[in-house]
Amino acid sequence: MPKFIVNYVKVIDYLSTKFGRLAMYLIFVMIATLLINAFTRNIINLPLSWCIEMAQFTMTAYYIVGGPYSMQLDSHVRMDLLYSRFSPKNRARLDSFTAIFLVVYLVCLLIGAISSTMYAIEYDQRKFSQWNPSMIPIKVIMVFGIFLMLLQAISTFFKDLAKSRGIELS
Amino acid sequence: MSYETIAIFMFVSMLLMLLTGQRVFAAIGIVSSVAALLLWGDGAVEMPFNAAFKLFNWYPLLTLPLFIYMGYVLAESGIADDLYAMFHVWFGGLRGGLAVGTILLMVVISAMNGLSVAGMAIGATIALPEMLKRGYDKIMITGVIQSGSSLGILVPPSVVLVLYGMIARQPVGQLWLAGAIPGLMMATLLIIYIVVRCHFQPHLGPTVAQSERDMPMSEKLKLLRAGITPFLIFFFMTGLFIMGITSLVESSAVGATAATIAALVRKRLNRKVMEETIRKTLAISCMFMWVILAALGFGAVFDGIGAARAIESLFITNWNLTPWEVLIMMQLSYLVMGMFLDDTAMLVIVAPLYVPLVKLLGFDPIWYGVLYTITCQIAYMTPPFGYNLFLMRAMAPPEITLMDIYRSIIPFVMVMTFALVLVMVFPQIALWLPEYVYSK
């Protein structure tokens with residue numbers, strides 16, 4: 001494998017892990033936001049309008065930015081009726097071929113995300129609600145997460161390609 | 001090409017893509033992206049991404065990561081160990097008693113969590129080694145754990161019913177209550193099956209030695225204290241929600257906190273366990289969320305070509321079926337598709353097609369939600385594609401082969417199908433409780 005591919009895999013895997021592990025802690029942010037809401041409404045009788053929306057934003061960031069790391073952990077399910085019967089090497093061969101599905105889908109997602117973000121920036125899009133937050137931050141986070149997912153998919157492709165030739169990357 | 005043909009073509013290509021063993025979300029996502037581009041041109045390139053905002057607006061889905069987190073914390077908390085010790089002593093004298101205890105344990109876990117993940121994790125770490133050690137037959141053990149843990153999505157709280165409630169626009173509170181009695185009934189049927197089968201074939205589930213169970217009554221009663229914590233968690237989570245004090249998503253946050261506190265009090269949480277718990281939570285949540293994201297994109301394309309109307313005209317106009325025949329066809333088709341397709345994706349793609357039909361035929365959507373969930377439970381267990389099956393395979397020790405797992409679920413699936421038929425024939429099993437609570 002050429003040196004730059006090895007380096008690419010190393011850098012992307014490192015980035016996915018770092019950001020994924022950051023996203024991992026957002027679960028506590030979600031719990032805390034929702035608890036605050038339940039508490040203020042019932043105990044001090046102060047309904048907060050932003051809590052649910054904040055939790056929605058957090059959840060979106062959680063699974064989009066966490067996606068690449070979960071792909072690295074290989075936790076995305078597969079239908080393994082046939083797949084489980086192949087040798088690890090053949091699985092890697094098949095994966096490096098079908099990676100094209102993954103990449104094309106992610107490219108479609110990325111194009112949609114970028115155009116949606118451009119729109120939000122151009123018209124200063126806000127969520128229609130009492131809190132009325134700007135949609136720009138979450139969309140930028142989503143573009144970033146999907147882009148990282150794409151980079152991770154390509155890194156996974158290189159790893160499968162190497163494995164199908166009997167080399168282990170990372 | 002007619003729209004029916006396009007719909008069938010999309011379904012078949014999705015199946016073929018899934019067969020390659022590529023990640024499920026990618027297989028579904030690519031079919032919907034390509035179909036959208038072919039049908040509507042360049043402008044449709046944004047369709048897959050727009051699904052992310054549909055998901056965003058389905059905020060009750062916040063319960064999903066929270067229940068997953070809670071499930072893992074419960075598995076670590078040691079609550080299940082105490083419960084198991086209690087059932088061990090109380091039911092050990094019965095043939096198949098540990099299996100009965102496992103089902104009861106699963107009912108308690110199900111009442112605290114809305115997914116089957118928690119039950120599976122607890123079943124595989126506590127109940128499975130214990131039953132293996134006592135000489136239970138392998139084909140008994142895995143079936144008990146799989147069917148028992150699947151109760152997690154029927155007994156309230158239930159994430160599947162939350163998803164269904166979003167798709168069918170039905171109140172989650174009523175749906176949850178509707179699942180309660182059918183869930184308990186199914187647990188009872190499973191227990192009856194175990195007791196009867198082990199009575200005639202004692203080698204499947206031998207009794208626990210007398211010496212282990214021999215303790216004074218006061219000791220036995222003390223063991224019942226194991227039930228206190230689960231009851232408190234259930235009360236704070238589902239109880240406060242049904243009483244209208246906390247909202248749905250808040251109640252799942254309350255449940256997650258209660259489980260964390262219970263685990264902290266028992267000193268079961270350290271840095272390492274916590275780190276592992278939130279990492280597994282992220283991995284499983286992302287897995288579900290990305291599948292739902294892709295499936296919503298797929299559903300949007302189906303919506304665009306009017307697949308719901310196509311199915312309606314197929315069943316009602318072309319085949320001339322009566323409402324009941326349509327209902328049975330829907331359940332059967334769901335079971336068959338559930339064997340080969342991803343179960344969560346199925347729910348997101350197929351429910352929007354079926355629910356309008358159910359309403360059109362004059363059936364109660366709350367009742368159908370329960371039928372749907374039971375069908376889902378069965379789909380989760382049936383090979384070759386089932387989440388519980390995957391989890392079981394991943395968690396079971398090597399001496400349990402895939403064939404053992406497949407063989408063991410057959411009788412349990414039959415019992416569950418019987419429960420499904422009962423709820424179909426007697427809708428009041430599901431509807432009595434929500435009607436009673438909400439009519440007051």
- request: Would you please classify the overall shape of segment B:84-130 from the alpha carbon gyration tensor, given that a ≥ b ≥ c denote the square roots of the eigenvalues, rounded means a/c under 1.5, and beyond that prolate means a/b larger than b/c while oblate covers the rest?
  value: prolate
- request: Obtain the nm distance between the two label points defined at B:VAL12 and B:LYS359 by a simple spin-label model: each point lies 7 Å from its Cα along the Cα-to-C-beta direction.
  value: 3.2 nm
task: May I have the pair-distance distribution P(r) for segment A:42-129, computed from all Cα-Cα distances with 10 Å bins from 0 and rounded to whole percent?
output: 12, 28, 26, 18, 11, 4, 0
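Translational D (Stokes-Einstein, µm²/s) of chain B at 25 °C and 0.890 mPa s when Rh comes from the Kirkwood sum over C-alpha pairs?
109 µm²/s
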- line: Between B:ALA394 and B:MET329, the two model label points (7 Å from Cα along the beta-carbon direction) sit apart by a distance in nm of 3.8 nm
- line: Probe 1.4 Å, protein heavy atoms only: B and A together bury a total accessible area in Å², to the nearest 100, of 5700 Å²
- prompt: Sorting B:THR281, B:THR257, B:THR401 by accessible area (1.4 Å probe), largest first, what list results?
  reply: B:THR401, B:THR257, B:THR281
- line: By the Cα gyration tensor axes a ≥ b ≥ c (a/c under 1.5 gives rounded; else a/b larger than b/c gives prolate, otherwise oblate), the shape of segment B:238-362 is prolate
statement: Note: probe point = Cα of B:LYS267 + 7 Å toward Cβ; backbone nitrogen < 16 Å; residues of segment B:70-95 passing the test are B:77-79
- request: Compare A:ASP124, B:ASP364, B:ASP303 by solvent-accessible area with a 1.4 Å probe and give them largest first, with all protein chains kept in place.
  value: B:ASP303, A:ASP124, B:ASP364
- request: Please go through the residue pairs A:LYS3/A:LYS163; A:LYS3/A:LYS89; A:LYS159/B:LYS272 and name each one whose alpha carbons sit more than 18 Å apart in this structure.
  value: A:LYS3/A:LYS89; A:LYS159/B:LYS272
- request: Quick one: angle between helix B:323-340 and the longest Cα principal axis of chain B, in degrees between 0 and 90, rounded to 10, please.
  value: 70 degrees
- prompt: Roughly how many percent of the accessible protein surface of segment B:252-391 is carbon and sulfur, given a 1.4 Å probe and a whole-percent answer?
  reply: 65 percent
- prompt: What share of Cα pairs, in percent, lie more than 29 angstrom apart in segment B:1-146?
  reply: 45 percent
query: Within a Cβ distance under 13 Å of B:PRO323, other residues only, what is the Lys/Arg minus Asp/Glu net charge?
result: -2
message: Tell me the net charge near A:LYS10. Cut-off is 15 Å between Cβ atoms, A:LYS10 excluded, with +1 for each Lys or Arg and -1 for each Asp or Glu.
response: +1
query: Can you tell me the Rg and Dmax of segment B:152-254, counting just the alpha carbons, in angstroms?
result: 18.9, 55
field: CD proxy at 222 nm, helix term only [per DSSP H run n ≥ 4: -39500 (n - 2.57); per residue of the protein assembly as shown; nearest 500]
entry: -24500 deg cm²/dmol
statement: Cβ-Cβ cut-off under 15 Å around B:MET17, Lys and Arg +1, Asp and Glu -1: the net charge is -1
message: Which positions within segment B:281-303 get 20 Å² or more of their accessible surface covered by the other protein chains, compared to the chain by itself, with a 1.4 angstrom probe?
response: B:LEU282, B:ALA283, B:CYS286, B:MET287, B:MET289, B:TRP290, B:LEU293
query: Taking A:LYS139 as the anchor, which lysines have their alpha carbon closer than 20 Å to its alpha carbon, excluding any fewer than eight residues away along the same chain?
result: A:LYS127, B:LYS54
- prompt: For A:LEU48 and A:LYS127 in the same chain, what is the full-extension length gain: residue separation times 0.36 nm, less their Cα-Cα distance, in nm?
  reply: 26.8 nm
field: Chain-alone versus full-assembly comparison, segment B:1-22, residues with accessible loss of at least 10 Å² (1.4 Å probe)
entry: B:MET17, B:LEU18, B:LEU19, B:THR20, B:GLY21, B:GLN22
message: Per residue, how much accessible surface does segment B:298-440 expose to a 1.4 Å probe? Answer in Å², no decimals.
response: 40 Å²
message: Compute the helix-to-body angle for B:172-200: its Cα long axis versus the longest principal axis of chain B, expressed 0 to 90° and rounded to tens.
response: 50 degrees
task: Quickly work out the B:TRP319-to-B:ALA85 label distance, labels modelled 7 Å from Cα along the C-beta direction, and quote it in nm with one decimal.
output: 5.4 nm
- prompt: Which angle from 0 to 90°, rounded to the nearest 10, does the C-alpha axis of helix B:63-77 make with the longest principal axis of chain B?
  reply: 20 degrees
task: Evaluate the Debye formula for chain A with equal point scatterers sitting on the alpha carbons, no solvent, and hand back log10 of I(q)/I(0) at q = 0.11, 0.13 Å⁻¹, in q order, two decimals.
output: -0.60, -0.76
message: Restricting everything to alpha-carbon atoms, can you work out Rg to Rh for segment B:37-90 with a Kirkwood hydrodynamic radius?
response: 1.44
- prompt: So if we plug the beta-carbon distance of B:VAL425 and A:LEU15 into 1/(1 + (r/R0)^6) with R0 = 45 Å, what FRET efficiency do we get, rounded to 0.05?
  reply: 0.20
query: Just the Cα atoms of the protein assembly as shown, one point each, no solvent: what log10 I(q)/I(0) does Debye give at q = 0.07, 0.08 Å⁻¹?
result: -0.43, -0.57
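The values are calculated or read from the model by the stated rules, or taken from the named source; none is laboratory data. It should be emphasised that the depicted structure is a prediction, and the values quoted were computed from it without experimental measurement. Quick reminder, even Gly has a Cβ in these numbers, built from the backbone with ideal geometry, and neighbours come from all protein chains shown. Heads up: the accessible areas ignore ligands, DNA and RNA and are worked out on the full protein's heavy atoms, side chains in. Shrake-Rupley method; radii C 1.70, N 1.55, O 1.52, S 1.80 Å.
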